[in-house]
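Here the structure is laid out as structure tokens; the discussion comes afterwards.
The values are calculated or read from the model by the stated rules, or taken from the named source; none is laboratory data. For clarity, every value in this text was computed on a predicted model and none was experimentally measured. Virtual Cβ from ideal backbone geometry, glycine too; neighbours counted across all protein chains shown. Side chains are part of the model used for accessible areas, which takes the heavy atoms of the whole protein and leaves out ligands, DNA and RNA. Shrake-Rupley method; radii C 1.70, N 1.55, O 1.52, S 1.80 Å.
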Amino acid sequence: MSASRHNSLEPLAIANWRWQPFLDHACNALQAFALEPYPIEDQFLLQTSSTGSKSKPIEVTTATWACRTPKLRQVRAACVEAGSAASVLNFVINPSINFDLPFFGADLVTLPAGHLLALDLQPALKTDALHTEAVWSRLIPIFKRWQERLPHGGPIPEEAQPYFSPGFLWTRLPLGDEGDSLINQVVTAAFNEYLDLYLELVREAQPVDQNRSQTLLEGQKRYTAYRAEKDPARGMLTRFHGSEWTEAYIHDVLFDLERSSQKQGPNSEVRG
Ligand code: DBV
């Protein structure tokens, strides 16, 4: 990878990074849309450091690929490569509030203890039938087909329930051949199908009225605030890059809805 990145749309390639094919697939699938760069400071586009012991340091790379389109407020991939310590692709699509769309969320995490894999089209308004039914009826058949081939990942906190759909695919896999083959044969296909469905929903989406946009904004803010507050990567990122960098990355880049709507002023989110 080049020593620096100055534009969120520059192709991102990290040597020996397990999740590279997933990011490549997503970037390719998005090329069908009119992509614009998403403004992100250089220090978050690419950051390096080292972890591990003094005698056995491990190089860490954290990089961000991002874009936006008229229908998608922010598409961003947080990519972490730290050799045997961690390998992560956290990929979230934040739709514009002018369209009744869920979030796309993928958390593909490899740690020394194993892989932890999450995929979902997450609702901004979980109890609103208009927001969920048309999505869930198409998502659930895909979910069932792949989840039955994977062990369930175990309980998730009660307080997280409002943010997941019934199509939440969630598994923990062992490192080694068994995990690798399930990733290749099942997780890859599931990721591609979740993303294909999401992009189809985006293509079909029609603008909503201002009242609806405000309701969607409130739901999106609840979701984003929850994700920022509970980010499971906070500990790892803080170890790698320090607390100041990590808090700014979480609030100004990864889950930036609150701060981006403050910056743009009170009415900007509801523009067409
Ligand atoms: N998770 C993020 C971001 C990450 C990231 C931005 C930049 O939201 C990585 C990186 N997730 C990450 C790491 C861990 C998890 C765990 C490093 C392991 C933490 C650890 O064990 O130390 C899904 N991710 C998890 C867990 C869940 C999710 C349920 C387990 C939490 C726990 O054990 O405490 N993240 C969660 C989720 C989505 C998501 C449902 C959306 C699909 O992105």
Practice problem: Determine which single condition residue 7 fails, assuming it passes every other condition in (1) open to solvent by less than 20 Å² (accessible area, probe 1.4 Å); (2) away from the ligand (no atom under 16 Å from the Cβ); (3) more than 16 Å from the chain's Cα centre (by Cα). | Solution: (1)
Quiz item: When both residues are 6+ apart or on different chains and their Cβ atoms are under 6 Å apart, which pairs have a first residue that lies in the stretch 141-158 and is within 14 Å of the ligand (Cβ to nearest atom), and a second that is charged (D, E, K, R)?
Solution: 153/172
Quiz prompt | Any helices (runs of 4 or more DSSP H) falling wholly within the stretch 183-252 and containing at least 3 residues that are among the basic types (Lys, Arg) and within 16 Å of the ligand (Cβ to nearest atom) | solution = 210-230
Self-check item: the stretch 216-240, residues that are among the hydroxyl-bearing types (Ser, Thr, Tyr) and crowded, with 18+ Cβ neighbours inside 10 Å
Solution: 223, 224
Quiz item: Among the residues of the stretch 119-133, is there at least one that is exposed (fewer than 13 other Cβ atoms within 10 Å of the Cβ), more than 12 Å from the ligand (Cβ to nearest atom), touching a residue at least 12 places away in the same chain (Cβ under 8 Å) and aliphatic (A, V, I, L, M)?
Solution: yes
Exercise. Filter the stretch 148-182 down to residues that are open to solvent by less than 60 Å² (accessible area, probe 1.4 Å) and part of a helix (DSSP H, G or I), then give me how many there are.
Key: 6
Quiz item: Across the stretch 62-89, which residue is nearest to the ligand (Cβ to nearest atom) among those that are open to solvent by 20 Å² or more (accessible area, probe 1.4 Å) and of a type outside the set (D, E, K, R)?
Solution: 85
Quiz item: Within the stretch 14-31, how many residues are assigned to a loop (DSSP other than H, G, I, E, B), surrounded by 14 or more Cβ atoms within 10 Å (Cβ to Cβ) and of a type in the set (A, V, I, L, M, F, W, C)?
Solution: 3
